[in-house]
Amino acid sequence: MSDNKKQEKDFTSEVDALLPETASLAKAGKLQEALDKLAVLEKQTRNAADPKSTTTLVKTITEYCYNARDFDSLNSNISILSKKHGQLKSVIQAMVEQAMGWLEDIRKKEGDKQWLQLVETLREVTEGKIFLETPRARVTLLLSRYHEDLYSKSTSVEEKRKSLETSSELLSDLQVETYSSMERREKTEFILEQMRLLIAVARQKDDTAKAEGKDSLAGGDAEWVKARVGGRKVNESFLKEAENEDLKLKFYDLMIQHALHQSSYLDVAKYYHKVWETPSIKDDVNDKGKAALEHIVYYIVLSPHDNEQSDMLNRIYVNPALEKLQLHYNLVKCFVTRELMRWPGIIELYGEFLRATPVFSIEKRWEDLHTRVIEHNVRVVAAYYTRITLSRLTSLLDLDRKQTEETIARLVVGKTIWARIDRPAEIVTFRSQRSAEDVMNDWSSDMQKLLGLVEKTWMGMNAAQAAQSRIKAS
């Protein structure tokens, strides 16, 4: 294969003279004779490096086979012509693109068998050829969708599993992010399709492992990791462009699914925030925009407390759009305000509404909300108390002693608070013992403040005395 050889001769006139003759032979049913005549001239044009004439002859050969519905000959000629010595890259590319244009018609009129044969032929011809990487990716996508259709139609569990895994593996083998000939939008579409199928396979493996009582290693953990890696290949700044809004929504939907599997609630909230910022979503205040904002609230309050979570929570709280959702606004206000939240009161105020949502209908997330409320209360107590008895703390948190100790231990390990539990004395301390150096530093700071106030007072008194002296003198 080469396009660097200099053209030695122009065979346009010979080609123009031969085509009517071979067309007559093909119409008369003498297909092989017509192909033989074309093959003789094709060898001459190829050796003379005449790309235009060679392309015309090669496309004519495959077209005669297609029109005659001789698909065995079509597949054979595509394969042979692509392997000819010194075959030009542009010729192979034109032949492959021509054959790809027939795929839909062949599947519709001849069925899946002939269609699959041509698809496999094209995949074989394009394999390992960089200049055909984009056509190969497109043909592979068609084959992947064929196997996905088998998955949806199959009734056997084993066949469904194999079909879905085959569909995913076909696309995952394509490293489209490295294809220079493919447009950015098409690249992104391929990557999103890879992620979608990986997540589908991961869910299928997880369900199978759960049904068989196996551990997570037998599930779809590998596919979940691959889906996350695929997400890093997507350029999020490219998705911000208005014409790519559909890709942006699809991408963040897939990332939300991945984050939910990992129970990474903060990531879910951030992804929903990206969705909410999309102009078409944000403008739809009664439907999609409202739903996105509600989900931001749900998942931000479910997220464990840290600086990033606190910052996002406060930014959402001051957003005017949240005030239109009164119940959600009040829920966020409870977490922003440094006051205790009694769990029975939360259930009474928000329980019926929240439990009716798809988010909190799952028992684990409802328990996680309870945990976040407890952790909030512990932080509030730590802010206002230096020491507190264990019995008093358990009553404030609406927990038993064991649960209270476990919660404090978890927050201490996470470095959210500093605390020590004196079990014999049943006292919880929220202030660490200060060193002599810290005490002296604080005393020095306080003394500087005191001396500053004394100096300010003294200067004020002097000014007042001077003013009185001037008044008496006058």
Flagged in segment 294-308 as open to solvent by 10 Å² or more (accessible area, probe 1.4 Å) and in a helix (DSSP H, G or I), in numbering order, are Glu294, His295, Asn307, Glu308
Of Thr126, Thr140, Thr121, the only residue that is surrounded by 17 or more Cβ atoms within 10 Å (Cβ to Cβ) and out of contact with any Lys or Arg (no Cβ under 7 Å at 6 or more places or on another chain) is Thr121
If you go through Thr394, Thr457, the only one that is in a helix (DSSP H, G or I), open to solvent by 50 Å² or more (accessible area, probe 1.4 Å), free of Cβ contacts under 8 Å to residues at least 12 places away in the same chain and hydroxyl-bearing (Ser, Thr, Tyr) is Thr457
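Okay, residues lined up against (1) over 27 Å from Leu142 (Cβ atoms); (2) assigned to a helix (DSSP H, G or I); (3) open to solvent by 60 Å² or more (accessible area, probe 1.4 Å):
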site	(1), (2), (3)
Thr45	yes, yes, no
Val58	no, yes, no
Ile61	no, yes, no
Asn75	no, yes, no
Gly86	yes, no, no
Ile92	no, yes, no
Ala99	no, yes, no
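Conditions tested, residue by residue: (1) free of Cβ contacts under 8 Å to residues at least 40 places away in the same chain; (2) in contact with a helix residue (DSSP H, G or I) (Cβ under 7 Å, 6 or more places away or on another chain).
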residue	(1), (2)
Tyr252	yes, yes
His258	no, yes
Pro279	yes, no
His295	no, yes
Of the residues in segment 310-369, those that are of a type in the set (Ser, Thr, Tyr) and either assigned to a loop (DSSP other than H, G, I, E, B) or modelled with pLDDT under 90 (or both) number 3
Those residues of segment 238-260 which are open to solvent by 70 Å² or more (accessible area, probe 1.4 Å) and over 14 Å from Tyr271 (Cα atoms) amount to Glu241, Ala242, Glu243, Asp246
For segment 172-197 the number of residues that are open to solvent by 30 Å² or more (accessible area, probe 1.4 Å) and under 17 Å from Asp246 (Cβ atoms) is 7
Residue hits (segment 149-171; small (Gly, Ala, Ser) and buried (at least 18 other Cβ atoms within 10 Å of the Cβ)) are Ser163, Ser167, Ser168
Check: Is there a residue in segment 354-375 that is more than 29 Å from the chain's Cα centre (by Cα) and over 21 Å from Leu266 (Cβ atoms)?
Finding: no
So, first residue part of a loop (DSSP other than H, G, I, E, B) in segment 101-113, second residue open to solvent by 60 Å² or more (accessible area, probe 1.4 Å) and of a type outside the set (S, T, N, Q), Cβ within less than 8 Å, six or more apart or across chains; the pairs are none
Screening Ala94, Ala99, Ala48 for residues that are in contact with an Asp or Glu (Cβ under 6 Å, 6 or more places away or on another chain) and within 30 Å of Lys9 (Cβ to Cβ) leaves only Ala48
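The values are calculated or read from the model by the stated rules, or taken from the named source; none is laboratory data. Predicted model only: the values in this text are computed from it and were never measured. Positions of Cβ are backbone-derived with ideal geometry, glycine not excepted, and every protein chain shown enters the neighbour counts. Accessible surface is based on the protein model in full, side chains and every heavy atom, while ligands, DNA and RNA are left aside. Shrake-Rupley method; radii C 1.70, N 1.55, O 1.52, S 1.80 Å.
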